[in-house]
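Peer 1: Pasting a structure here, questions to come.
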Amino acid sequence: MERELQRLSWLKVREFVPSTIDTILLPVGTVEAHGSACLGTDNFIPEAIALGVAERLNALVAPTLSYGVTRSLYRYPGGITINPKTYELLI
């Protein structure tokens, strides 16, 4: 069964939630500098973890929240930071 919520139609979601699946995992990451590595490293890791445990938990995986509070890395191009209050409201 497909576990990524964003790959399912609303019809499929209606079929499984909440009758069969009652848990949706929300991977949380950020887009920020990691030396010469790609900016999305902090998204890929929680996504992989969520996908790795979703079947065992009988859960779906929501799209990753890719925005964080990363002011210390603001000077590096490509990073995305949001206000702490905005982050709190999103979570």
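Peer 1: So if we plug the beta-carbon distance of Glu88 and Leu57 into 1/(1 + (r/R0)^6) with R0 = 41 Å, what FRET efficiency do we get, rounded to 0.05?
Peer 2: On the way: r = 26 Å, r/R0 = 0.62.
So the FRET efficiency works out to roughly 0.95.
Peer 1: With no solvent and one point per C-alpha, what does the Debye sum give as log10 I(q)/I(0) for the stretch 5-90 at q = 0.15, 0.20 Å⁻¹?
Peer 2: -0.65, -0.92
Peer 1: On to the next question. If you build a Gaussian network model of the chain, linking Cα atoms that sit under 10 Å apart, which residue out of Glu32, Glu55, Glu47 swings the most?
Peer 2: Sorting by GNM fluctuation, first place goes to Glu55.
Peer 1: Ranked by Cβ crowding within 10 angstrom, fewest neighbours first, how are Ser66, Ser72, Ser9 ordered?
Peer 2: Ser9, Ser72, Ser66
Peer 1: Between helix 41-57 and the chain, what is the angle of the helix's C-alpha long axis to the longest principal axis, kept within 0 to 90° and rounded to the nearest 10?
Peer 2: Long axis of 41-57 versus the principal axis of the chain: about 20 degrees.
Peer 1: Under unit Cβ charges (Lys, Arg +1; Asp, Glu -1), what dipole magnitude, rounded to 20 debye, does the chain have relative to its Cα centre?
Peer 2: The calculation lands at about 180 debye.
Peer 1: For every helix of n ≥ 4 consecutive DSSP H residues, a contribution of -39,500 (n - 2.57) applies; sum these over the chain, divide by its total residues, and give [θ] at 222 nm rounded to the nearest 500 deg cm²/dmol.
Peer 2: After summing the helix terms and dividing by residue count, I get -10000 deg cm²/dmol.
Peer 1: Say we join alpha carbon atoms closer than 10 Å with springs in a Gaussian network model of the chain; which of Thr20, Thr70, Thr30 then has the biggest fluctuation?
Peer 2: Result for the chain, Cα springs under 10 Å: Thr20 fluctuates most.
Each value in this text was obtained by applying a stated rule to the coordinates, not by laboratory testing. These figures come from a predicted structure and were not determined experimentally. Here Cβ is always computed from backbone atoms with ideal geometry, including for glycine, and neighbour counts include all displayed protein chains.
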